Each structure stands twice: as C-alpha cells, then as structure tokens.
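Contents: one structure, followed by commentary.
The values are calculated or read from the model by the stated rules, or taken from the named source; none is laboratory data. Because the structure is predicted, anything quoted here is derived from the model rather than measured. Reconstructed Cβ throughout: ideal geometry from the backbone, glycine too, with neighbour counts over all protein chains shown.
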C-alpha cells in the first residue's frame with residue numbers, strides 16, 4: 001500500500017511516499033530555516049505564505065522521486081494538528097484537493113503520532129508496545145505506545161518543552177535560531193560540569209517535566225555575571241545547560257522503563273537528534289539491557305515520511321476523514 005504523506009505544521013513543507021508504513025520511496029523537504037533565522041524564530045504569516053508557494057512543487061517532486069503518479073497512490077495522509085494554524089491549513093487544503101480529485105481516501109494524522117512513527121521507517125523489528133520519549137519544540141512527553149496510534153501518557157511537560165528551552169537559551173547567549181542544533185554543536189567545545197544548574201522534579205507526578213526554572217537559572221547566571229563584570233564561557237554555559245536537560249530526560253525514561261517493565265525504548269521529535277541525548281540514553285539503556293531505538297536526524301525533524309507511516313497504520317484501522325477536515329492547532333495526542 002502506497003501512502004502519500006503531506007506535512008506543513010510549522011516551517012517545513014514536506015511530501016513523501018511510503019510503502020506499507022515502513023519503506024520510504026521518496027522524502028522531499030523544503031525548509032524555511034534560512035528565512036526565519038533573520039527574525040530569530042518562526043514568523044507564522046511568512047511560514048504560511050512560503051507553504052503556499054512550495055506545496056505543489058514538493059508534492060510533484062515526491063511523486064516523481066517515487067516513480068509514481070496519483071493513480072499509484074492508495075491514500076493521502078496529512079498533518080492536521082498540532083501546529084501553526086495557517087501553516088496547517090495549507091497542507092490540509094492541498095491534501096483534500098488531491099484526495100477529492102483522485103477519489104482517494106483522506107487520512108488525518110496527528111503530528112506527534114508522526115514523530116513516534118518515524119521509528120518504524122528504519123527499525124523493522126520495532127513493534128508496539130514500547131516506551132517512547134517524545135522531545136520537540138512544543139512537546140516533552142513520556143508515553144507507552146500500546147498499539148499503533150494508541151498511547152498512554154506517563155509524563156508531560158508542565159511548562160516549557162525541552163526544545164523550547166533550547167531555543168530560548170540559544171537566543172540568550174547569541175547563538176540564534178534554530179537553537180537545538182547550535183547548542184548541540186557549541187556544547188561539544190565546553191565542560192558540561194562547569195556549572196551546576198537545577199533539575200526540577202514535580203512532587204505529585206514523578207515522570208512530568210519542567211524546564212522553565214532551568215531556563216530562568218541560565219538567564220540569571222548570565223545577568224549576575226554581567227553585573228559582576230565576569231566573563232561568560234559560552235561553551236561551558238550551554239554544555240552545562242544541555243547536561244541538566246539530558247540528565248532529567250534520561251533519568252525519567254529509565255525510571256519509567258523500570259517501573260512499567262519495558263525493555264524497548266524509543267526517542268522521537270526534533271530534540272531526539274541531539275547527540276548528547278542519544279549518547280547518554282544509549283549508555284543508560286546498555287547498562288540496563290534495554291533496546292534503544294531512534295530515527296536518523298532527517299526523520300527526527302519535521303518530515304512527511306513519518307506522516308505517511310502513521311497514516312498507513314491509521315488507514316489499516318479504518319480511520320479516514322471527510323471533506324470537512326480542518327486544521328486543529330491545539331490537537332492533543
């Protein structure tokens with residue numbers, strides 16, 4: 001079964017053809033990072049306009065790369081939330097038009113389900129149930145993947161998501177946007193033990209996350225150093241910040257794996273491409289004889305292959321949408 005996936009939830013316009021939920025036949029991504037970097041972050045109106053410009057060429061290229069036409073496609077999957085409402089509407093409108101014109105089923109996909117499904121693209125042995133840490137700019141969630149598209153939440157973020165904290169700290173130290181990759185690179189030059197930053201724990205929910213206090217601690221450290229006329233070692237600062245985030249992510253995941261008895265752990269979301277997170281999670285899993293799975297970096301950030309994969313499993317369960325499908329920017333998993 002060939003699924004055409006379409007993704008436009010933020011600042012990447014993407015289309016992909018995936019066979020049977022696992023085999024990527026094409027994966028085309030048009031990124032807007034260069035445009036939004038000059039503004040220090042994503043400007044929703046600009047993102048929407050660029051999606052309108054890029055959506056049709058990207059879809060055409062995805063079909064061409066797969067050596068297919070719409071006649072060869074069995075269903076069309078599209079992200080309908082969560083995300084920026086204007087950006088989502090472009091992808092949803094394109095998918096509805098294609099599905100209507102070609103008389104193909106229209107499959108609505110939750111963007112976060114797509115991130116989890118990215119693991120299926122490169123790990124044929126991975127099957128539910130397993131434990132998954134979802135870490136992105138808008139989400140930091142610890143979930144049990146009970147079945148394809150079926151989740152049980154163990155922990156959520158109470159405030160800033162990990163990726164959001166990365167972006168804000170990167171901006172504060174002058175690294176700019178996007179913060180995650182730039183902090184990852186800069187931290188390799190620093191000493192992660194140079195500064196001890198706080199690691200928040202939520203008393204009534206041991207697997208929940210909170211990064212707003214850590215972000216504030218980093219900002220306060222910089223303000224205090226400037227007031228005292230002290231030089232700030234940027235590499236040490238971001239390395240120590242990154243360590244505080246990664247330590248919490250790994251500790252919560254390992255504690256949950258032990259309590260719930262899972263021997264398979266997966267990472268998902270843009271922050272899952274962070275090299276320190278991967279290394280520390282791999283070390284912790286090996287020590288406990290737990291199998292660790294994570295996608296290649298290209299499938300960690302927003303892409304349409306993960307949407308096509310998720311759409312395949314949604315379609316197999318009989319899920320489809322009518323022509324009244326709309327964008328839902330605050331969609332929950």
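In this structure, is residue 141 surrounded by 23 or more Cβ atoms within 10 Å (Cβ to Cβ), in the same structural domain as residue 225 (by TED's automatic domain parsing) and either under 13 Å from the mean Cα position of the chain (by Cα) or assigned to a loop (DSSP other than H, G, I, E, B) (or both)?
So residue 141 fits the description; yes.
So which residues in segment 282-291 are touching a strand residue (DSSP E or B) at 6+ places or on another chain (Cβ under 9 Å) and either assigned by TED's automatic domain parsing to the domain that holds residue 26 or surrounded by fewer than 17 Cβ atoms within 10 Å (Cβ to Cβ) (or both)?
Matches in segment 282-291: 282, 286, 291.
Taking the criterion of being at positive phi, out of contact with any strand residue (DSSP E or B) (no Cβ under 8 Å at 6 or more places or on another chain) and touching a residue at least 12 places away in the same chain (Cβ under 8 Å), would at least one residue in segment 18-35 satisfy it?
Yes, segment 18-35 contains at least one residue that is at positive phi, out of contact with any strand residue (DSSP E or B) (no Cβ under 8 Å at 6 or more places or on another chain) and touching a residue at least 12 places away in the same chain (Cβ under 8 Å).
Exactly one of (1) touching a residue at least 60 places away in the same chain (Cβ under 8 Å); (2) under 26 Å from residue 207 (Cβ atoms); (3) surrounded by fewer than 18 Cβ atoms within 10 Å (Cβ to Cβ) is unmet by residue 234. Its number?
Failing condition for residue 234: (2).
Of all the helices (runs of 4 or more DSSP H) wholly in segment 1-117, which have at least 3 residues that are surrounded by fewer than 21 Cβ atoms within 10 Å (Cβ to Cβ)?
Where helices (runs of 4 or more DSSP H) fall fully within segment 1-117 and carry at least 3 residues being surrounded by fewer than 21 Cβ atoms within 10 Å (Cβ to Cβ), they are 33-37, 44-65, 85-102.
Taking the criterion of being at pLDDT below 95 and farther than 28 Å from residue 145 by Cα, would at least one residue in segment 60-67 satisfy it?
no
Considering only segment 275-318, state which residues are part of a loop (DSSP other than H, G, I, E, B) and in contact with a helix residue (DSSP H, G or I) (Cβ under 8 Å, 6 or more places away or on another chain).
Passing the criteria: 288, 290, 294, 295, 301, 302, 303, 304.
If I filter segment 176-186 for residues that are under 24 Å from residue 317 (Cβ atoms), assigned by TED's automatic domain parsing to the domain that holds residue 247, modelled with pLDDT of 95 or more and surrounded by fewer than 20 Cβ atoms within 10 Å (Cβ to Cβ), do I get at least one hit?
Within segment 176-186, not a single residue is under 24 Å from residue 317 (Cβ atoms), assigned by TED's automatic domain parsing to the domain that holds residue 247, modelled with pLDDT of 95 or more and surrounded by fewer than 20 Cβ atoms within 10 Å (Cβ to Cβ).
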